Each structure stands twice: as C-alpha cells, then as structure tokens.
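Here is the structure we will look at, set down as structure tokens.
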Amino acid sequence: MFSKFFGGKKDEPISILQTVEETKPVPGSVEETPDPVVEEPAGSSFFSRMKQAVTRTRESLSSRLEGVLALTRTVDESTLEDLEAALLTSDLGLPTTTAILDQLRDRARRQDINGGEELRQLLKEQIRAILEAPRKPVVEPNAPPKVIFMVGVNGTGKTTTTGKLASWYRARGKSVLLCAADTFRAAAIEQLEVWSHRSGVEMIRTKQGGDPAAVLYDSISAAKARSIDILVVDTAGRLHTKGGLMDELEKMRRTAARLIPEAPHEVLLVMDATTGQNGLQQARLFTQAAGVTGIVLTKLDGTAKGGIAVAIARELNLPVRFVGVGEQINDLLEFDPAVFVDSLLNS
C-alpha cells in the first residue's frame, strides 16, 4: 500500500522502503481478535494499584522506618542516622539520601521536629518535591501525529512497554500507530506484532536487519496520511557505548524532524526498576546521548528498590512518566508523585 508514497519501475531493485508492510492478523490465529483495552481505574482504585506495586519497597522500608518513627519523641542526630539507613535500603542512593537528610537537619536546627509523625510528613514533602522538580508540561504537537521514541537497553521491557503504551493511549480515545524500528534484535518485530494485536492498533514493519530510519519514514508518512494521533516507535536496544547504534538513533531523530519539525516530541528511556542503583549510571550516560525527556520505570512491582524513582528524578533531572506494575496490557500507570509517596510512606 506504500506505492502511493514510493514509486518505482518494475525493473528497479526493490528498496527497503518498498518492502515496509503493515502487520495484519493471521486468519484463525489467537492474535486475530485483540485483547480488550481495559480502562485504567480512577481515584481510589488508582491509589490501590500503586500501593500494591510498591508493596515490596514499602515493606522493606517499613521494617526500618516504622521503628524510627514510632519511637521518636525528639528528632536528634541519632534519629536522622537511623532514617538514613532506612532510606538507603530502598535504593534512594547516597547522594539523594544525603540531600534529604541535609534538608531535615536544617529544619531541625531552625525549628524542632515534634515526633515521628511530623518527621514522616516532612520526609513525604521532601521526596515529593524531588519527584516534582523535573516535571514539565508534556510537549504536544500543533498537529498530529505526536511522535514518541522508546529507547533503552535490551532486557528492560522496552518492546512490551511500547505495546502497553499504545493500549494506554487507545484507552483514552487516541488513535495509535506502532513503528517496529527495532530491526536488529531477533524476534523483536514479531514480539511487537503480538502486542499490536493485543492493543488493537496497527503496526508498520520491515524485515529484520532493515533500515530503522526507513521504516520510521514510512510510519510517519502513514500516520500523517491517516491523521493518527500517536506514533509510538520501538527503537533498537542499545548501550551508550555502542557508537554505531547511537549514530543510528541520531539518524532516526533527524528523519523524524525532517518530516515533523518538532519531532520526536518525547523520548522515553525504559529502565528496569529491579536493577536499582546498578542501572542508574548506565541511564545517566544514555540520557546524555539520546535526548531523553522522561523515564518509564518497569517491573516496579517486583522489587524492593522502588526508591530508585526518587534517585532518577534528582540525579538524572528527568521525570518518571510511567511505571510498569505487572505483565498485563493495562499494567502501565502514569506516574503521579503524590500517589507514589503516599503509597510508599503511609503507615
């Protein structure tokens, strides 16, 4: 169907652009009927889901924190040292923990902190302020499509998250198109194809090993022609040390900007929460090279290291945009600092 975008004579060799195709369900296959898109629960249900997602982190933190807060009548240096140990166990990291404790010490010098509950409230305010600091209004294009690049290393859940994000937007009444630009990893295209059927959205693809910038070009052209609201682009998993792949990502950015001057509108780095501080340095270097605008923190429900969300906000100066809280298609939540802090620190 892309002949209207790309012409060519019969005796010309077939270019990679001409081999780009839309995925269609295989008749009779289990993917022929997409899974229903489930609306994300609102209000208290949203709070309940976030609270469940951070259960392991909250339990780990509570085992130390509750003892500190429950027995505290006067907040002194000994109390703050105990609090420091509790925060470090949740993977806030030393720089972020130190910054929080410095603020609390300053408050204690200027005005007494009266007991554990006031200390808890001040701690919540400190953490929420850190999470809110890098948040900015999400860039919206003057005209569709909005182009979102999904980037990150292999194994973080990037392709799965791409499919979930498509479903998240579709549940909000947006038309979505997927671009399978991870052409290097074996089975990446097929994996995204399964998620496209589950989320009920179409996908533009090419053969494994094809040119990612070419399939992106066709995807943007198709999205513009159909007035698609959101184009989500699954890029190849890469390390910041792989110069060739980082150059390929920059080529894709140039391709997007050529067709839509302000694109990509968002570049979301997918991080695995279970790696905690071990993944933070890699993410720091990655964000410098990829123009990342926000973080998607996956597998939050499977770790006691949920404090990494706070470290990300402070040390990378990037907002956490979404969190993955399970394996189902609707297990992607838009990150809300207030709900996250209440879920983590409410007794």
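The values are calculated or read from the model by the stated rules, or taken from the named source; none is laboratory data. Predicted, not measured: the structure shown is a model, and the values here were computed from it. All Cβ positions, glycine included, derive from the backbone under ideal geometry; neighbour counts span all protein chains shown.
Structure above, values below:
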| item | result |
| --- | --- |
| Checking Glu140 against (1) closer than 21 Å to Ile220 by Cβ; (2) within 15 Å of the chain's Cα centre (by Cα), the condition it does not meet | (2) |
| So Tyr169, is it at pLDDT 95 or above and either β-branched (Val, Ile, Thr) or over 22 Å from Phe322 (Cα atoms) (or both) | no |
| Qualifying residue in segment 106-118 (condition: assigned to a helix (DSSP H, G or I), among the basic types (Lys, Arg) and either touching a helix residue (DSSP H, G or I) at 6+ places or on another chain (Cβ under 8 Å) or within 18 Å of Ala309 (Cβ to Cβ) (or both)) | yes |
| Count of segment 302-331 residues which are crowded, with 24+ Cβ neighbours inside 10 Å and not in a helix (DSSP H, G or I) | 6 |
| Residue check for Arg198: under 21 Å from the mean Cα position of the chain (by Cα) and modelled with pLDDT under 95 | yes |
| Whichever residue in segment 109-138 is hydrophobic (A, V, I, L, M, F, W, C), at pLDDT below 90 and over 16 Å from Glu66 (Cβ atoms) and, among such residues, is surrounded by the most Cβ atoms within 10 Å (Cβ to Cβ) | Ile113 |
| Condition met for Ala257 (more than 24 Å from Val233 (Cα to Cα), over 15 Å from the mean Cα position of the chain (by Cα) and surrounded by fewer than 17 Cβ atoms within 10 Å (Cβ to Cβ)) | no |
| Set Asp91, Asp106, Asp182: member being surrounded by fewer than 17 Cβ atoms within 10 Å (Cβ to Cβ), at pLDDT below 95 and among the acidic types (Asp, Glu) | Asp106 |
| Residue list for segment 206-226, restricted to those being hydroxyl-bearing (Ser, Thr, Tyr) and modelled with pLDDT of 95 or more | Tyr217, Ser219, Ser221 |
| Residue list for segment 235-250, filter: touching a helix residue (DSSP H, G or I) at 6+ places or on another chain (Cβ under 7 Å) and modelled with pLDDT under 90 | Ala236, Gly237, Arg238, His240, Met246, Glu248, Leu249 |
| Unique residue being aliphatic (A, V, I, L, M) and farther than 15 Å from Ile148 by Cα when the list is Ala214, Ala181 | Ala214 |
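Quick grid of which residues meet (1) in contact with a helix residue (DSSP H, G or I) (Cβ under 7 Å, 6 or more places away or on another chain); (2) within 20 Å of Thr156 (Cα to Cα):
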position	(1), (2)
Leu259	yes, no
Val267	yes, yes
Gln288	no, yes
Glu334	no, yes
